[in-house]
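*Asks:* This structure is in structure tokens; I'll ask about it shortly.
The values are calculated or read from the model by the stated rules, or taken from the named source; none is laboratory data. All values reported here derive from a predicted model rather than from experimental measurement. Here the Cβ positions follow ideal geometry from the backbone for every residue, glycine too, while neighbour counts run over all protein chains shown.
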Amino acid sequence: MRDDDIFRFDDGSRSDDVGDPGDLGDLGDDTGGGAEPGRRRWTRRRRFLVGGLSLVLVLVLAGVGGYFYLEQRLAGQIDKIPGVFAGLEDRPTRVTDGDTEEALNILLIGTDRRSEVATTGDDAEAASWVAGQQRSDTIIVLHIDADREAASVISIPRDSWVDVPGHGSDKINAAFSLAGPSLAVETVEKLTNVRIDHLAVVDWDGFAAITDALGGVTVTVPETVHDSARDITWTAGDQHLDGEQALNYARQRYGLPGGDFDRVKRQQAFLRALAATSLRELDGSNPKSVYDLLDVLTRHLSVDDGWSTSDLRELAVSLRSLRGRHIDYLTAPVEGTGMEGAASVVYLDQQLGRGLWDAVRTDDVGAWVDDHPGEMTPQVVR
């Protein structure tokens, strides 16, 4: 990276220290190394993150000076999903020891519905959920620490074989198809015993639009590979991608040795690049660029109707002192794969997963990651 590609933050860290913004559900069912054993979270450099799925991160990066404008204008563009939490029973209880109750857990869902028009956000021209027409291609639990000093992005593989309440065992992504956002929330809560506070949904059109709004993103392809499904050859080296190209890159499965697992890594690499590019746009030197990016993000996002504009504003204010953030990226631990009837499924590691989700509940993911560095999302992808 050239020196002119780097700028410094107030705390002395540099833009080339930006961390990876993780995976997106099916955007994440592989794991790998990355964390340094014994590291202390409060000593690590903070890094910015921007991701199309997380309204929270959008509002944080807007800055304190603009949050009132966000409330009046940008937040008004966000599509609201009614009744997400209505009627849910036997929900996990919240841990309230000390300041733990201030932590937030947000379920992020990306949909794979094949629609010629947007299905999420203020620009939606079609319903975000139609029974039986789409499964959740992306499932992430975003945990924001109570002290607002760190966060964790934890993806759940879309083919995970779980109990879907009222429907028996099925792939976890079937919940969204069977009964929409509420059942998706209920299924994740039953699996993790983590209480979900809010829901955010985005479709693939949103990711393409965000990428184009940024002028494209650059990813590194370590080895030349051919996608036989789309007849695209990805040549080794740096590749600058527009929105459509980025989706082709992130969706590749054929031609990669690990199939879906390598596709997960591709999607994570795309999001890392998206975050790094967004960071440069949001350095504060060009207010119009900041607004333009926030504008496209909010127009492609749908959230639960219980997430009020004032709640969003207060969350932004609570994070206003951040000059950067540290976020851990990992996947719910996987035990292996297999077949259930004609379906290829992923079996989750129940014991290891229980420890992870307990750490989420007690706001102690950083310590869990330090003890399980191999569960971190890898930096290098095929």
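*Asks:* Among (1) in a strand (DSSP E or B); (2) in contact (Cβ under 8 Å) with a residue 12 or more places away in the chain, there is one condition Asn248 misses while meeting the rest; what is its number?
*Replies:* Only one criterion is unmet by Asn248, namely (1).
*Asks:* Tell me which strands (runs of 3 or more DSSP E) are completely within region 201-242 and hold 1 or more residues being without any contact (Cβ under 8 Å) to a residue 60 or more places away in the chain and over 17 Å from Gln268 (Cβ atoms), or say none if there are none.
*Replies:* Because the criterion is at least 1 residues that are without any contact (Cβ under 8 Å) to a residue 60 or more places away in the chain and over 17 Å from Gln268 (Cβ atoms), the strands (runs of 3 or more DSSP E) in region 201-242 that meet it are 225-227, 232-234, 237-241.
*Asks:* Can you run down the residue pairs with Cβ atoms below 8 Å, 6 or more apart or on separate chains, where the first is in region 75-88 and of a type in the set (Phe, Trp, Tyr) and the partner is outside any loop (DSSP other than H, G, I, E, B) and buried (at least 17 other Cβ atoms within 10 Å of the Cβ)?
*Replies:* That search, which allows pairs on different chains as well, returns Phe85/Ser182; Phe85/Val185; Phe85/Asp304.
*Asks:* Restricting to region 171-187, name every residue that is out of contact with any helix residue (DSSP H, G or I) (no Cβ under 8 Å at 6 or more places or on another chain) and on the phi < 0 side of the Ramachandran plot.
*Replies:* Selection gives Lys171, Asn173, Ala174, Ser177, Leu178, Ala179, Pro181, Ser182, Val185.
*Asks:* Right, another one. With respect to Ala229, determine if the residue is within 26 Å of Thr298 (Cβ to Cβ), at pLDDT below 95 and not aromatic (Phe, Trp, Tyr).
*Replies:* no
*Asks:* Can I ask one more? Which one is surrounded by the most Cβ atoms within 10 Å (Cβ to Cβ) among residues in region 141-159 that are farther than 16 Å from Phe261 by Cα and of a type in the set (A, V, I, L, M)?
*Replies:* Within region 141-159, the match that is surrounded by the most Cβ atoms within 10 Å (Cβ to Cβ) is Val153.
*Asks:* Could you say whether any residue in region 188-199 is modelled with pLDDT of 90 or more, under 20 Å from Pro82 (Cα atoms) and in a strand (DSSP E or B)?
*Replies:* Within region 188-199 (the criterion being modelled with pLDDT of 90 or more, under 20 Å from Pro82 (Cα atoms) and in a strand (DSSP E or B)), the answer is yes, since at least one residue qualifies.
*Asks:* Looking at region 160-202 only, could you name the residues that are surrounded by 21 or more Cβ atoms within 10 Å (Cβ to Cβ), within 24 Å of Pro378 (Cα to Cα) and not aliphatic (A, V, I, L, M)?
*Replies:* Ser160, Asn173, Thr192
*Asks:* Residues in region 359-381 that are at pLDDT 85 or above and in contact with a Pro (Cβ under 9 Å, 6 or more places away or on another chain): how many?
*Replies:* 6
*Asks:* Looking for whichever is at pLDDT 65 or above, within 25 Å of Arg148 (Cα to Cα) and either part of a helix (DSSP H, G or I) or out of contact with any Cys (no Cβ under 9 Å at 6 or more places or on another chain) (or both) here; the options are Leu279, Leu322, Leu274. Which one fits?
*Replies:* Leu274
*Asks:* Name every residue in region 357-377 that is over 19 Å from the mean Cα position of the chain (by Cα) and in a helix (DSSP H, G or I), in order of residue number.
*Replies:* If the condition is that a residue be over 19 Å from the mean Cα position of the chain (by Cα) and in a helix (DSSP H, G or I), then Asp358, Ala367, Trp368, Asp370, Asp371, Pro373, Gly374 are the ones that fit.
*Asks:* Let me ask something else about it. Given the conditions (1) in contact with an Asp or Glu (Cβ under 7 Å, 6 or more places away or on another chain); (2) surrounded by fewer than 24 Cβ atoms within 10 Å (Cβ to Cβ), and given that Thr211 satisfies all but one, which numbered condition is not satisfied?
*Replies:* All conditions pass for Thr211, except number (2).
*Asks:* Let me ask another. Somewhere in region 333-342, is a residue buried (at least 18 other Cβ atoms within 10 Å of the Cβ) and either modelled with pLDDT of 75 or more or part of a strand (DSSP E or B) (or both)?
*Replies:* Looking for residues that are buried (at least 18 other Cβ atoms within 10 Å of the Cβ) and either modelled with pLDDT of 75 or more or part of a strand (DSSP E or B) (or both), one finds at least one in region 333-342, hence yes.
*Asks:* With the requirement that a residue be in contact (Cβ under 8 Å) with a residue 60 or more places away in the chain, part of a strand (DSSP E or B), under 20 Å from Val360 (Cβ atoms) and not hydrophobic (A, V, I, L, M, F, W, C), what does region 137-181 give you?
*Replies:* Within region 137-181, Thr138, His143, Ser152, Ser155, Ser160 meet the criteria.
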